[in-house]
Amino acid sequence: MTTSLQPGASFKILSWNLYRWEGASLEDVLTVIRAEDPDIIVMQEAQTAVDELPEILGGYYDRIPLPGRPHGTACWSRLPFTRPPSFCRLPRGLLVKRTAQLIDFGSFSLANVHLSHGQILNRRQLRSISTNMRHRAVIMGDFNLIGPVLLPGFLDVGPREKTHRMLNHVPLRLDRCLVRGLSRLEARALPRFGSDHRPICVTLRLGT
């Protein structure tokens, strides 16, 4: 078995903000994985229930709670990590200390993010994350960002559908996928269930 994907290989990655206690359950997550068959799923606002994923599905798994919070970012993957996942501290907002979960797959690196709501701050956080990644890189998750991303070198390849309704009324496209050194083959938002965010699913190809 190779330890990393080779240039030109493709893989499917899914992202979902689970919405903490009120949101998607472990069974909801398993339903999405079984229906979509992703190679990687990254989750935000994930709690201890999803720690059972590797026992049920095998594969590779890591979860990093936010400082002082019971929930945080989590990643399950069929592809092996080349080293234990880590986190980088981000420029902080007024209320929540944010981190990004960093996963290295050898041929590319992945940042699982749940950024702050401030529209200048979350762009600063993206710039901070990008300096810790390989040339081939994926940044995916809940960006809490409105409008263009403005991150040099990266393309926004996520689905264009709205993924969240603020106060259940205002539709927003908060869940995104940025890439550098990869190309998009397919991107779509899945139907809403279990959470206040729709999952997004993107198929990517490694650049040569």
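Ranking request for peptides 44-53, 147-156: highest mean number of other beta-carbon atoms within 10 Å first, then the rest in descending order.
On the way: 44-53: 20.2, 147-156: 13.2.
In descending order of packing, they fall as 44-53, 147-156.
Just for region 1-101, what percent of DSSP beta bridges are antiparallel, to the closest 5?
Among the beta bridges of region 1-101, antiparallel pairing accounts for roughly 75 percent.
Enumerate the amide H contacts of Thr82 below 5 Å, restricted to partners 5 or more residues apart or on another chain; note that Pro and chain-start residues carry no placed amide H. The answer is Asp104, Phe105, Gly106.
With all protein chains kept in place, the per residue accessible area of region 144-208 amounts to 49 square angstrom at a probe of 1.4 angstrom.
For region 24-100, the spread of Cα coordinates along the three principal axes comes to 38, 29, 19 Å, biggest extent given first. So, how do all the Cα-to-Cα distances of the chain break down into 10 Å bins, in percent, from 0 on up? Result, from short to long distances: 9, 39, 40, 12, 0 percent.
Need one number: % antiparallel among DSSP beta bridges in region 41-152, to the nearest 5. Before the final figure, lay out each step's value.
Details: 18 of 24 bridges.
Around 75 percent antiparallel, to the nearest 5.
Leaving ligands, DNA and RNA out of it, report the carbon-plus-sulfur percent of the accessible area of the chain at a 1.4 Å probe. Write out the running numbers ahead of the final one.
On the way: 5090 of 9410 Å².
Its accessible area is 54 percent carbon and sulfur atoms.
What ranking of Phe143, Phe81 comes out by heavy-atom accessible area, probe 1.4 Å, highest first? Mind dumping the intermediate values first?
Numbers: Phe143 0, Phe81 40 Å².
Descending accessible area places them as Phe81, Phe143.
Taking every protein chain into account, the accessible area of region 1-141 amounts to 44 square angstrom per residue (probe 1.4 Å). Can you find, among Gly147, Leu206, Val32, the residue sitting farthest towards the positive end of the charge dipole of the chain, where Lys and Arg contribute +1 and Asp and Glu -1 at Cβ? The Cα lying farthest towards the positive end belongs to Gly147.
The values are calculated or read from the model by the stated rules, or taken from the named source; none is laboratory data. All figures in this text were calculated on a predicted structure; none of them were measured in a lab. Please note: Cβ atoms are built from the backbone with ideal geometry, for glycine as well, and neighbour counts cover all protein chains shown. Accessible surface areas use protein heavy atoms only, side chains included; no ligands, DNA or RNA. Shrake-Rupley method; radii C 1.70, N 1.55, O 1.52, S 1.80 Å.
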